[in-house]
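Comments concern the structure below.
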Amino acid sequence: MGVEGLRFVITGAAVGIGAGTARLAAARGAKVVVSDMNDADGQALVEEICAAGGEAIYQHCDVTDEEQVKALMAATAEAFGGIDILHNNAGVHESILSSELSLESMSRATFERVMNINVTGVWLCAKYALPYLRESAAASIINAGSTSSLSGYPQCQAYGASKGAVMQLSKMLAVDLAPDKIRVNCYCPGSIHTQIVDNYLAAAPDPQAMLNTMTQTHLIPRMGQPVDVAELVCFLASPESAFVNGAVWTIDGGSLAWRGTLDVLGMEVET
Ligand code: NAP
């Protein structure tokens, strides 16, 4: 049970949540393909996992490049004999690409690049993993949404639109792939402490005010950590979640469960 023996492909896995998931899944006996465009950190992570006794390989892949996506799936099947779990983790926020984030100033190129990575990349990976997933007895696709799939945030036009689309795409794929016994789920993290959040904060007019806005609504009064999300991904990948399909699972410290801030409860953010 758990993820032991399952063959994972994780996109954008060199750092952040993807790396956290690669570490946890490998520590629990999964075979993991760490894929990213950041080759140095990706290869270092694979060395770390293998040194700890886990099984992992690295494969370069830009999820917007169809040939690289095909090659990623083929390399996984060649290394591990197939694919059970596709974790579509790679994603960007517009603040990583540009400092022009208002409707007037953001370029079409920035908007389209975010949509291309966050939505088209998910679709391409699902498309080219499909022949391998069909051969698996434990197939599932796990897509990274966001609380911005469900709620509005400042300076998030492209990101929020893309994550809303990922959530809906997950449901459509769950329907279309049900006859193939492939489960498709989407999880929606709140603020998880990784580079994408640091960049978003740095781009905000008042980073401290933005940090407060992001964490003041967490009923668990801290930022999330990559391992928090990794635990959920491993559950969604495992046979224990066999009846979970087409789900949208928030993992946000409770921030979308209410409309208040911590001071109302006499609580403070833990730093
Ligand atoms: P991160 O720390 O920025 O890591 C993302 C990784 O994806 C980086 O290694 C990045 O490589 C890679 N990447 C970027 N573009 C790519 C592409 N075209 N093809 C393949 N890989 C690419 O992000 P994270 O915080 O771990 O987030 C992971 C996922 O969770 C994303 O989909 C994000 O939207 C979602 N999420 C995160 C949070 C959060 O609070 N952290 C909240 C909600 C949702 P480079 O460094 O080379 O760009």
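Couple of notes before you dig in:
- Look at the alpha carbon pairs under 8 Å that are at least 6 residues apart: their mean separation over the length of the chain gives a relative contact order of 20 percent.
- Applying both filters, DSSP loop and at most 12 other Cβ atoms within 10 Å, to the chymotrypsin sites (Phe, Trp or Tyr not before Pro) of segment 233-271 gives Phe243, Trp258.
- For the chain, the membrane-span-like helices by this rule, meaning whole DSSP H stretches whose C-alpha atoms cover at least 27 Å of axis and whose Kyte-Doolittle mean is -0.5 or above, are 157-176; this says nothing about an actual membrane.
- Computed over the chain with a Gaussian network model linking Cα atoms closer than 10 Å, the most mobile of Ser241, Ser148, Ser255 is Ser241.
- Computed lengthening from Ala137 to Val264, 0.36 nm per intervening residue step minus Cα-Cα distance: 40.9 nm
- Local electrostatic count, Gly254, Cβ distance below 14 Å [Lys/Arg +1, Asp/Glu -1]: 0
- Over segment 1-143, accessible surface divided per residue gives 42 Å², non-protein components excluded, 1.4 Å probe.
- Dipole magnitude for the chain: computed about the Cα centre from +1 point charges on Lys and Arg Cβ and -1 point charges on Asp and Glu Cβ, it is near 720 debye.
- Added length on full extension, which subtracts the Cα-Cα distance from 0.36 nm per residue, Val244 to Thr120: 42.2 nm
- Rh by Kirkwood over Cα pairs, then Stokes-Einstein D for the chain at 1.002 mPa s and 20 °C, µm²/s: 115
- For Leu177, net neighbour charge (Lys/Arg +1, Asp/Glu -1) across residues whose Cβ lies under 13 Å away: +3
- Charge context of Ala27, other residues only, Cβ under 14 angstrom, K/R +1, D/E -1: -1
- Extension gain, Arg108 to Val227: 0.36 nm times the residue separation minus the Cα-Cα distance gives 39.4 nm.
- log10 of Debye I(q)/I(0), alpha-carbon scatterers only, for segment 46-130 at 0.16, 0.20 Å⁻¹: -0.72, -0.93
- Inter-label distance, Ala209 to Cys50: 5.0 nm, where each label sits 7 Å from its Cα along the C-beta direction.
- Among Ala242, Ala139, Ala90, the residue with the largest mean-square fluctuation in a Gaussian network model of the chain, with springs joining Cα atoms closer than 10 Å, is Ala242.
- Normalised by the number of residues in segment 181-271, the mean separation of alpha-carbon contacts (under 8 Å, six or more apart) gives a relative contact order of 46 percent.
The values are calculated or read from the model by the stated rules, or taken from the named source; none is laboratory data. Predicted, not measured: the structure shown is a model, and the values here were computed from it. Reconstructed Cβ throughout: ideal geometry from the backbone, glycine too, with neighbour counts over all protein chains shown. Please note that ligands, DNA and RNA were not included when accessible areas were found on the heavy atoms of the full protein model with its side chains. Shrake-Rupley method; radii C 1.70, N 1.55, O 1.52, S 1.80 Å.
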